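Okay, structure first, notes after.
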Amino acid sequence: MSYPDENRPTGPSRETSRIPIIPLWGQLIVPLQGDITDAQAAQLCSDVLRDIQRSGARGMVVDISGLWLVDSHLCAVLARLANAARLMGTRTVLSGMGADVALTLQSMGIQLEGVETALGLEEGLAMLGVQVTGARTAEAERAAAQQLADEMLGLTTPAPMKTSA
Amino acid sequence: MNADGLHAQLLRVLQGFMSETAARLVLRGTLEPLKLSASSLRAEDLPRIIEALEPASRHFMHPAQRPRLAAELKGMATGVPAARASVPGLGTRPTPSAPMEAAPPALVVRPATLTIRSEADASSARLTARTLCEELGGRGFECQKVATAVSELARNQLSYAGGGIIHLHPERTPKRMLRVRAEDKGQGIPNVELVLSGNYRSKTGMGLGLLGVKRLADRFDVRTGPAGTQVEFEVWL
């Protein structure tokens, strides 16, 4: 239960609690959630840039699919973060912007110039060169579906089934 | 009032803001660390309990309703029921008739006035704006527009005027809309025409706050001078 600090009401408040920065396959993933305060955003910038320096990450995905509101100030912070990271040699991809947020920013005339964007976290990581291997890629699923269709049409013989009773 | 009566009354107040399960959980979680039990509550313990309830309950309720819960709890401690009209909130709540009434209050869409002094206030203002918009039946994009515009105005108030007041007026006739008025007593915007022309960039942001509100709004009006700034806008739903 989200009920950690009943004995110290002056504990870390939401305004100052830190946003997680996750190192993954040589990249950094920064998931933003809910409602980011200005203090958190400022803290985030310095934390991320420090982590880039420490970890030598080549790329970073900032996933904003969990944000319900993105205003001009947050956009400015994200653009500044991306530009600072670029100066350090790290590529930034912004992923997961919702349709309503995108329409709103577009109406306001906010372009987020200089920031690469991707539909979701997967696409964002793919842009940074992370390749998915294994059965669950989109291509593998398509191939499996094609195979199944072919079998049902009798175009290919099904893989031999184990018939041990 | 006896111990059980106090306990039941605390539960009833909490249940006006959250489900019965959450209310029981919050109350039990508050009493235990204070070494109090439901069967031995005394009126003298109330101030301590109320103080501890505030942080304990915040995860279970809408932030904009916090002042109202605080007022109702305080009313319990002083024996005077909270004056509802003086508390900014999302709507009136019918007095619970039975302690078992667990359903959240049916929110009547009515105007809200929010004082912006801190980032937390700004955060609750945009959440309230969005909630009002949703209750009026606004679609996602419209609610997003309203919440974003309110966020921009609240930020301007905090950065340039040290705070202000935001009024949210839902209207149903002749048109469904949310009218927002933001007032502050700051020094005004010195070059408001330049800001609204789109050729201005502030040092901190992108210079798009006020212009962004204008672009999002269906009607927009700004009056500014050395005595303060009033921005009024409407988003039609």
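Points to keep in mind about this one:
- Within segment A:79-98, the set of residues being within 17 Å of A:Gln43 (Cα to Cα) and open to solvent by 10 Å² or more (accessible area, probe 1.4 Å) comprises A:Ala79, A:Arg80, A:Asn83, A:Ala84.
- Test: residue in segment B:173-185 that is within 11 Å of chain A (Cβ to nearest Cβ) and crowded, with 18+ Cβ neighbours inside 10 Å: no
- Total residues in segment B:143-167, condition part of a helix (DSSP H, G or I) and either charged (D, E, K, R) or over 19 Å from A:Asp35 (Cα atoms) (or both): 5
- Residues in segment B:17-76 that are touching a residue at least 40 places away in the same chain (Cβ under 8 Å) and more than 29 Å from B:Arg130 (Cα to Cα): B:Ala43, B:Leu46, B:Met76.
- In segment A:99-125, residue farthest from the chain's Cα centre (by Cα) [restricted to those that are open to solvent by 60 Å² or more (accessible area, probe 1.4 Å) and among the hydrophobic types (A, V, I, L, M, F, W, C)]: A:Leu103
- Pairs with Cβ under 6 Å, 6+ apart, first in segment A:89-108 and of a type in the set (A, V, I, L, M, F, W, C), second assigned to a strand (DSSP E or B) and open to solvent by less than 20 Å² (accessible area, probe 1.4 Å): A:Val93/A:Val61; A:Val93/A:Ala118; A:Leu94/A:Val62; A:Met97/A:Ile64
- Number of residues in segment A:17-57 that are in a strand (DSSP E or B) and either in contact (Cβ under 8 Å) with a residue 40 or more places away in the chain or in contact with a helix residue (DSSP H, G or I) (Cβ under 9 Å, 6 or more places away or on another chain) (or both): the value is 8.
- For segment A:58-95, a tally of residues being part of a loop (DSSP other than H, G, I, E, B) and closer than 17 Å to A:Ile19 by Cα returns 3.
The values are calculated or read from the model by the stated rules, or taken from the named source; none is laboratory data. Everything quoted here is computed from the prediction, not taken from an experiment. We place every Cβ from the backbone using ideal geometry, glycine too, and count neighbours over all the protein chains shown. Surface areas here come from the heavy atoms of the whole protein model, side chains and all, with no ligands, DNA or RNA. Shrake-Rupley method; radii C 1.70, N 1.55, O 1.52, S 1.80 Å.
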